[in-house]
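One structure is given here, and the rest of the page talks about it.
The values are calculated or read from the model by the stated rules, or taken from the named source; none is laboratory data. In this text the structure is predicted, and so the values were computed from the model without any measurement. Cβ placement follows ideal geometry from the backbone for every residue including glycine, while neighbour counts extend to all protein chains displayed.
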Amino acid sequence: MDELTQTFAIAVNGIGVEAAAGMSVAAALLRAGIPCRTSVSGEPRGPLCGMGICFDCAATVDGEPLSRTCQVVCVPGMEIATQ
Amino acid sequence: MTRVLVVGAGPAGMAAAAVAAESGCAVTLLDENPATGGQIWRGADADAPHQSAHGYEFAKWSRRLTASGAEFCPGSTVVDHPAPFVLRVERAGHWLDLSFERLILATGARERFLPFPGWTLPGIMGAGGLQALVKAGLPIAGKRVVVAGSGPLLLAVAAALARKGAKIEGIFEQASWPRLTRFGLTLAGHPLKLLEAARYRLQTRAAPYKPGWWVTRAIGRDRLQSVVVTNGHAIREIACDYLACGFHLVPNLELPQLLGCRIEAGYVAANEAQQTSVAGVYCAGEPTGIGGLDKALVEGQIAGLIAAGHLGQAAQFKPTQQKLRHFARQLDAAFAPRSELRTLAAADTVVCRCEDVTRAALEHCVTGRAARLHTRCGMGPCQGRICGPATEFLFGWSVPGVRPPLYPARISTLAARPESEAASPGPTQIGASIP
């Protein structure tokens, strides 16, 4: 995988995922190949619009459900649960 | 002091807020995003303007906005219009009511998405969508990217990604060469736009630019592996890591609709003074016609001046405003989706991504409203923002009216009465400090 600088870890479903300063949660998940959510019929989904409109990147961020992860910046120790 | 509320901190909203505040109004500028700039200036750094396209223009307006004394409230989502001259906003888990005497709507635009088999695979995003993710830290160097769909944004995105080291495998513009040529001729009156297009093409010269080509299918199991493109005769499959695909732009009309602004031919009806059909409510930028940065800045300045009562000063912008509105209509005509795109979605292709409603389920419905009631199409968290423009194109369904809340909101936000002083942090007058 590509090299990041100034990295730290966020927890996604309890597993460490690499993130960097200023990176959105959606970008970190997409980079790691982790779907943001599973659709109502069971399909894996990732970000689509990148600007907070589509909710396809929605996940639980630090206990807040239905967070648009493209609008949330990663901070060290953040806990994400995909939906 | 006239209390002016501006919704949307892209170019139109920044210009409107700065000009109104310079003219002596008490201005509050709201945006959902953490920073000003909107989509076009997303991630731009006012202290390093050379690093982004249009960076100098952003730096100029950013400084002017700060100096104007307008208050900027980031991370603020408008969810309702609970009483006349009041908007309800959710911010950091709390709600607040903002009152205004004049309201300027600068809600911008989003990409139009059209369904094709495989379009829900992770790795497929809007063209602007992928660019926004790259600006938000997604590494793109060395990645194979196919850019497809329609509109001037494709070339701009391809150029931006190429500058970041992406390997652009091709740019597939569904509009035909004859259409693009006609459009190109009309650009003679806009030499700077022609120059900008030429610069973007130069930056993407390593990749083929294919007018009259479109994506028919995306292939992959759990994420994108390749896309199939066609010009109606030849078919090619291209392996890639990402597909950036959007079909020009559609305006964000939800808040204007909620306020009762009249919509004409898909846009907010606004006169020369940017006045909508609702007294005290103005609209500027993409919601009145997709015309890009220049139109947004001109209309934003007009709206700001008119809201402040400076009718004479606003008149100087009229010739440019009319020229740019005409340009917006030409853009729509040039990049209108071709009819072949209606046939891409198969029976089992998802059309509504929130509720996984397939094309087959929608074929039985007569109206968008019937589809909502029978299939839940458009009833998920995005509230039809993505599938609405798609079903309008596929089936000719008009966009249904909007109801509050405009976005998923907390029960406490929805239940609070406009007059309530008890709820935290309570109604706030514009101009007062917001926690």
For this session: From the list B:Pro117, B:Pro139, B:Pro122, pick out the single residue that is touching an Asp or Glu at 6+ places or on another chain (Cβ under 6 Å) and assigned to a loop (DSSP other than H, G, I, E, B).
Result: B:Pro139
For this session: Could you please let me know if B:Gly170 is on the phi > 0 side of the Ramachandran plot, away from every other protein chain (no Cβ under 14 Å) and not polar (S, T, N, Q)?
Result: yes
For this session: Using the structure shown, decide if B:Arg385 is under 18 Å from the mean Cα position of the chain (by Cα), surrounded by fewer than 20 Cβ atoms within 10 Å (Cβ to Cβ) and closer than 30 Å to B:Trp61 by Cα.
Result: no
Problem set entry | Residue list for segment B:40-72, filter: crowded, with 17+ Cβ neighbours inside 10 Å and aliphatic (A, V, I, L, M) | B:Ile40, B:Ala44, B:Ala46, B:Ala53, B:Ala59, B:Leu65, B:Ala70
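A quick yes/no check of all residues on (1) under 25 Å from B:His248 (Cβ atoms); (2) assigned to a loop (DSSP other than H, G, I, E, B); (3) small (Gly, Ala, Ser); (4) touching a strand residue (DSSP E or B) at 6+ places or on another chain (Cβ under 7 Å):
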| position | (1), (2), (3), (4) |
| --- | --- |
| B:Asp348 | no, yes, no, yes |
| B:Cys354 | yes, yes, no, no |
| B:Ala360 | no, no, yes, no |
| B:Val366 | no, yes, no, no |
| B:Ala370 | no, no, yes, no |
| B:Pro381 | yes, yes, no, yes |
| B:Gly384 | yes, yes, yes, no |
| B:Pro389 | yes, no, no, yes |
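Taking B:Leu153 as the residue in question, decide whether it is surrounded by 22 or more Cβ atoms within 10 Å (Cβ to Cβ), within 13 Å of chain A (Cβ to nearest Cβ) and without any contact (Cβ under 8 Å) to a residue 24 or more places away in the chain.
Values: surrounded by 22 or more Cβ atoms within 10 Å (Cβ to Cβ): yes; within 13 Å of chain A (Cβ to nearest Cβ): yes; without any contact (Cβ under 8 Å) to a residue 24 or more places away in the chain: no.
It is false that B:Leu153 is surrounded by 22 or more Cβ atoms within 10 Å (Cβ to Cβ), within 13 Å of chain A (Cβ to nearest Cβ) and without any contact (Cβ under 8 Å) to a residue 24 or more places away in the chain.
Looking only at segment B:54-80, how many residues end up being of a type in the set (S, T, N, Q) and in contact with a Phe, Trp or Tyr (Cβ under 6 Å, 6 or more places away or on another chain)? Please lay out each step first, then the result.
Within segment B:54-80, the subset of a type in the set (S, T, N, Q) is B:62, B:66, B:68, B:76-77.
Add one more test, that the residue is in contact with a Phe, Trp or Tyr (Cβ under 6 Å, 6 or more places away or on another chain), and what stays is B:77.
So the count comes out to 1.
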Exercise. If you check every pair at least six apart or on different chains, which have Cβ atoms under 7 Å apart with a residue in segment B:391-418 that is at positive phi and within 14 Å of chain A (Cβ to nearest Cβ) first and a residue that is crowded, with 18+ Cβ neighbours inside 10 Å and modelled with pLDDT of 90 or more second?
Worked result: none
Exercise. Looking only at strands (runs of 3 or more DSSP E) that fall completely inside segment A:1-72, which ones have 1 or more residues that are in contact with an Asp or Glu (Cβ under 6 Å, 6 or more places away or on another chain), touching a residue at least 24 places away in the same chain (Cβ under 8 Å) and within 7 Å of another protein chain (Cβ to nearest Cβ)?
Worked result: none
Seminar exercise, completed: Being of a type in the set (A, V, I, L, M, F, W, C) and more than 13 Å from every other protein chain (Cβ to nearest Cβ) narrows B:Val147, B:Val134 down to just B:Val147
For this session: Determine if segment B:69-88 includes at least one residue that is more than 24 Å from the chain's Cα centre (by Cα) and either within 14 Å of chain A (Cβ to nearest Cβ) or among the charged types (D, E, K, R) (or both).
Result: no
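Out of B:Ala92, B:Ala127, report the one residue that is within 12 Å of another protein chain (Cβ to nearest Cβ) and at pLDDT below 95.
Among B:Ala92, B:Ala127, only B:Ala92 is within 12 Å of another protein chain (Cβ to nearest Cβ) and at pLDDT below 95.
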For this session: Select, from B:Glu32, B:Glu57, the only residue that is over 18 Å from the mean Cα position of the chain (by Cα) and at pLDDT 90 or above.
Result: B:Glu57
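Suppose we filter B:Glu101, B:Glu71 for residues that are within 23 Å of B:Asn252 (Cβ to Cβ) and in contact (Cβ under 8 Å) with a residue 24 or more places away in the chain; which single one remains? Write out each step before concluding.
Details: B:Glu101 fails: within 23 Å of B:Asn252 (Cβ to Cβ).
Result of the check over B:Glu101, B:Glu71: B:Glu71.
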Exercise. Does segment B:85-98 contain any residue that is out of contact with any strand residue (DSSP E or B) (no Cβ under 7 Å at 6 or more places or on another chain), surrounded by fewer than 24 Cβ atoms within 10 Å (Cβ to Cβ), over 25 Å from B:Val215 (Cα atoms) and of a type in the set (A, V, I, L, M)?
Worked result: yes
